[in-house]
């Protein structure tokens, strides 16, 4: 894993994002939300849940729901492989914090991004849901869709399904 440095004069204006791939596209989540990165391992399936909820795993005594972002975004499902990872995230809602995992094809880099370089999420019409996006960043090699973890995981919906 490498770290891409962006030229900036004010360190307080820089945020770090963990980038990862889904179907050949790059996404990022704020590094402060990331608790750990794990290789894929089988999870305990939870009956009567949407397809994008793969199940739950025991993480040092905590039950952690696992969300497949490919399915959450309506992308084609793929077989999990040796490079499939689970990014364990800390999600804050009001004064409460929950731990959840997201499945991604692979983890890429940690990128330093100047806040001024984050572009607003494009308005793509009512058929494409951009509410999960914090913004877009155009890097040297590719464009990165920056995700808003708290909105992406729709905690109210997941709480009602898995009872976290």
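Values computed for the structure shown
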{"item": "So residue 64, is it touching a strand residue (DSSP E or B) at 6+ places or on another chain (Cβ under 6 Å), closer than 16 Å to residue 99 by Cβ and free of Cβ contacts under 8 Å to residues at least 40 places away in the same chain", "result": "yes"}
{"item": "Of all residues making up the stretch 31-40, the number that are touching a residue at least 60 places away in the same chain (Cβ under 8 Å) and either over 15 Å from residue 99 (Cα atoms) or crowded, with 18+ Cβ neighbours inside 10 Å (or both)", "result": "2"}
{"item": "Residues satisfying the stated conditions in the stretch 60-92, i.e. more than 17 Å from residue 150 (Cβ to Cβ), part of a strand (DSSP E or B) and at pLDDT 90 or above", "result": "66, 68, 85, 86"}
{"item": "Residue match in the stretch 93-102 (condition: in contact (Cβ under 8 Å) with a residue 40 or more places away in the chain, in a strand (DSSP E or B), out of contact with any strand residue (DSSP E or B) (no Cβ under 8 Å at 6 or more places or on another chain) and more than 22 Å from residue 142 (Cα to Cα))", "result": "yes"}
{"item": "Check on residue 57, over 14 Å from residue 108 (Cβ atoms), modelled with pLDDT of 90 or more and either out of contact with any helix residue (DSSP H, G or I) (no Cβ under 9 Å at 6 or more places or on another chain) or not in a loop (DSSP other than H, G, I, E, B) (or both)", "result": "yes"}
{"item": "Test: residue in the stretch 21-35 that is assigned to a strand (DSSP E or B), at pLDDT below 90 and in contact with a helix residue (DSSP H, G or I) (Cβ under 8 Å, 6 or more places away or on another chain)", "result": "no"}
{"item": "Every pair of residues 6+ apart whose Cβ atoms lie under 9 Å, when the first sits in the stretch 113-137 and is on the phi < 0 side of the Ramachandran plot and buried (at least 16 other Cβ atoms within 10 Å of the Cβ) while the second is modelled with pLDDT of 90 or more and not in a strand (DSSP E or B)", "result": "134/118; 136/118; 137/117; 137/118"}
{"item": "Answer from 43, 88, 64, 110 - the residue that is within 12 Å of the chain's Cα centre (by Cα) and buried (at least 16 other Cβ atoms within 10 Å of the Cβ)", "result": "88"}
{"item": "The stretch 138-164 - residue that is part of a loop (DSSP other than H, G, I, E, B) and at pLDDT below 70 and, of those, surrounded by the most Cβ atoms within 10 Å (Cβ to Cβ)", "result": "153"}
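Matching residues to (1) in contact with a strand residue (DSSP E or B) (Cβ under 9 Å, 6 or more places away or on another chain); (2) at pLDDT 90 or above; (3) closer than 13 Å to residue 28 by Cα; (4) not in a helix (DSSP H, G or I):
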| residue | (1), (2), (3), (4) |
| --- | --- |
| 51 | yes, no, no, yes |
| 113 | yes, yes, yes, yes |
| 128 | no, no, no, yes |
| 134 | yes, no, yes, yes |
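The values are calculated or read from the model by the stated rules, or taken from the named source; none is laboratory data. Quick caveat: nothing in here was measured; it's all calculated off a predicted structure. All Cβ positions, even for glycine, are placed from backbone atoms using ideal geometry, and neighbour counts span all protein chains on display.
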